[in-house]
Amino acid sequence: RQRILLWAVLLAAWEAAWGQLRYSVPEEMPKGSFVGDVAKDLALQMPALQDSGVRVVSEGRTQYFSLHGKTGHLVTAERIDREQLCRLVEQCVLRCELIVEGEMKLYEIEVEITDINDNAPTFKETELEEKISEMAAPGARFSLAEAHDPDSGQNSLQSYELSGDEHFSLAVQTGPGGDQRPELVLAKALDREEAAFHELLLRASDGGDPARTGTARIRVTVVDANDNAPVFSQAEYTVRVPEDVPVGSTLVTVTATDADEGLNGHVKYSLKKVTDMASNIFHLDSETGAITVVQSLDFEEGDTYELEVQARDSGGISEMTKVAITVTDVNDNAPEISVRSALSEISEDAPAGTVVALLHVQDRDAGANGEVRCSLDGGVPFRLEHSQGSYYRVVTARELDREQQAEYNVAVRAADGGRPALQSSAVLALRVLDVNDNAPVFAQERYSARLSENNAEGFLAFQVKATDSDEGTNAEVAYSFSDIADSARQLFSLDPRTGDVKITGPLDYEEGKYYEATVEGKDGGGLTAHAKVHIDITDVNDNAP
């Protein structure tokens, strides 16, 4: 003990020599409570201290400490609530300075506010309702509302107890942060016809001496079979939102589906684990699952929030998901893309470099957040050129080919230099007009037919067919004989629209055993294609000796 005391004295003397003192005081002490003997620890003489003009200055607007003028003791100037001052930190330390004006000296003082067990565990709702299907198997678990105790350490929430019915027991799971999560465990099968309701009492206790407790009554309603639990579309939802997001904005919509029908498939959402601060900032729509902002965000007050959302169907089966919301600092203006002039149609033979749109891009933010980078989505035969100032041109990168692609939706994207960057986009719809750049193509380079000499006039000998990749009149093909003997012209006709070759005169094997001709296909733009035609005439016994 003597060694420890000597070490404490040496430590206090060393800290005092360097102008810094550390004290510890429990929270909720009345005004004027003793914190530390500043005069003694700093070896200041009281008469000289009184003449030097000594005062204590605390950080922030509220002065929590003052110096007793007669004793030189540091005392509390206000009642201190640790949970109100340091609800987000484990170690609560208040800092102030002792200023000796006559000697022009400054001493830093740190006061640790220790926790007392002044808060009992409380449930957000003291009357809880659970609906459980009678078909639920023993061992099934149902999440219960957690109690909240703002105290820290051993004085915080330590345990749960359940009483009231043999059908149920309690299980407590430990969360990733060490928090305790109570679960209602079905220990014995339910029978709605035997008991439609079960009354339970859930008690939460802290580790104080004496311990404080809080209770919630649980009313379990037994319903008929519901054998499918809701399933969230994601196990965890992650959202990044700027601190200036407008109140009323929807940040994310959680979605859970249930394979059951009717009311058993109807899902409602609720927040099962949420801090008091988060519950005042966010609202969960129980029907749609939309999480909206109901109070302005402040990055300096809180930059991360975690919500646990429960989806419960009408049969009482539930599923949980986590929503992680990250608040980012302000970059609240996305780039604006204005289409000042744009073509809706362009000929496919337009030369490379043809301007199809003139864009104006600006960002109202300043600095890096206002610096805009523009780009086009890949895979299109266009490129973006900087014109002047804030103007850009979208031009063709090469000649277009309507036969390969007749329409384009060119996506122009703009991103600023913020972190994270804000982006915007505009889509230019462009139709490619056809030019007659494709000649007709016959299905065969050579057509052959064998006809009996006794075929009647009007008989369809065969059909020639040519296609054209162009559009409209440029793709309409007209057929004609471009090279045919007069004798054959009198015997055969060619339909210019269908390409049907028919017999128009009597065939005679003895006069002509075969005929040849050239067929021409001409499209509406004047481009042509040719194919050879060979017709053999077969003999029949039509001449007597």
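The values are calculated or read from the model by the stated rules, or taken from the named source; none is laboratory data. Every value quoted in this text rests on a predicted model; they were computed, and no experiment measured them. Glycine also receives a Cβ, built like all others from the backbone with ideal geometry; neighbour counts cover every protein chain displayed. In case anyone asks, the SASA skips ligands and DNA or RNA and just uses the protein heavy atoms, side chains included. Shrake-Rupley method; radii C 1.70, N 1.55, O 1.52, S 1.80 Å.
Descriptive notes on the structure:
- Among the residues of segment 212-265, those that are small (Gly, Ala, Ser), open to solvent by 30 Å² or more (accessible area, probe 1.4 Å) and touching a residue at least 60 places away in the same chain (Cβ under 8 Å) comprise 225, 229, 235.
- Verdict on residue 340 being assigned to a strand (DSSP E or B), open to solvent by 60 Å² or more (accessible area, probe 1.4 Å) and more than 30 Å from residue 246 (Cβ to Cβ): no
- Considering (1) in a loop (DSSP other than H, G, I, E, B); (2) touching a strand residue (DSSP E or B) at 6+ places or on another chain (Cβ under 8 Å), the lone condition that residue 379 does not fulfil carries the number (2).
- Check on residue 483, of a type outside the set (A, V, I, L, M, F, W, C) and open to solvent by 40 Å² or more (accessible area, probe 1.4 Å): yes
- Residues being assigned to a strand (DSSP E or B) and closer than 15 Å to residue 515 by Cβ - total across segment 444-461: 8
Results for (1) in the same structural domain as residue 527 (by the TED database); (2) modelled with pLDDT under 90; (3) within 20 Å of residue 334 (Cα to Cα), shown as yes or no for each residue.
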| position | (1), (2), (3) |
| --- | --- |
| 366 | no, yes, yes |
| 379 | no, yes, no |
| 391 | no, no, yes |
| 394 | no, no, no |
| 403 | no, yes, no |
| 406 | no, yes, no |
| 427 | no, no, yes |
| 449 | yes, no, no |
| 459 | yes, no, no |
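- Scanning segment 428-452 for residues being in contact with a Gly (Cβ under 9 Å, 6 or more places away or on another chain) and of a type in the set (D, E, K, R) gives a total of 2.
- Residues satisfying the stated conditions in segment 472-492, i.e. assigned to a strand (DSSP E or B) and more than 27 Å from residue 543 (Cα to Cα): 478, 479, 480, 481, 482, 483, 484
- Residue that is within 35 Å of the chain's Cα centre (by Cα), farther than 23 Å from residue 301 by Cβ and of a type in the set (A, V, I, L, M), where the choices are 116, 132, 99: 132
- Residue match in segment 95-112 (condition: within 30 Å of residue 203 (Cα to Cα) and without any contact (Cβ under 8 Å) to a residue 12 or more places away in the chain): no
- Restricting attention to segment 92-105 and to residues that are under 20 Å from residue 75 (Cβ atoms) and assigned to a strand (DSSP E or B), the residue that is modelled with the lowest pLDDT turns out to be 100.
- Consider segment 272-305 and keep the residues that are at pLDDT 90 or above, in a strand (DSSP E or B) and open to solvent by less than 80 Å² (accessible area, probe 1.4 Å). The one that is nearest to residue 238 (Cα to Cα) is 305.
- Taking segment 90-129 as the range and being open to solvent by 70 Å² or more (accessible area, probe 1.4 Å) and closer than 28 Å to residue 217 by Cα as the test, the residues that pass are 122, 124, 125, 126, 127, 129.
- Being of a type in the set (Lys, Arg), out of contact with any helix residue (DSSP H, G or I) (no Cβ under 6 Å at 6 or more places or on another chain), surrounded by 14 or more Cβ atoms within 10 Å (Cβ to Cβ) and at pLDDT below 80 holds for only one residue in 82, 87, 61, 22, and it is 87.
- Residue 448 being more than 15 Å from residue 499 (Cα to Cα) and in contact (Cβ under 8 Å) with a residue 40 or more places away in the chain: no
- So residue 74, is it without any contact (Cβ under 8 Å) to a residue 60 or more places away in the chain, of a type in the set (A, V, I, L, M) and surrounded by 14 or more Cβ atoms within 10 Å (Cβ to Cβ): yes
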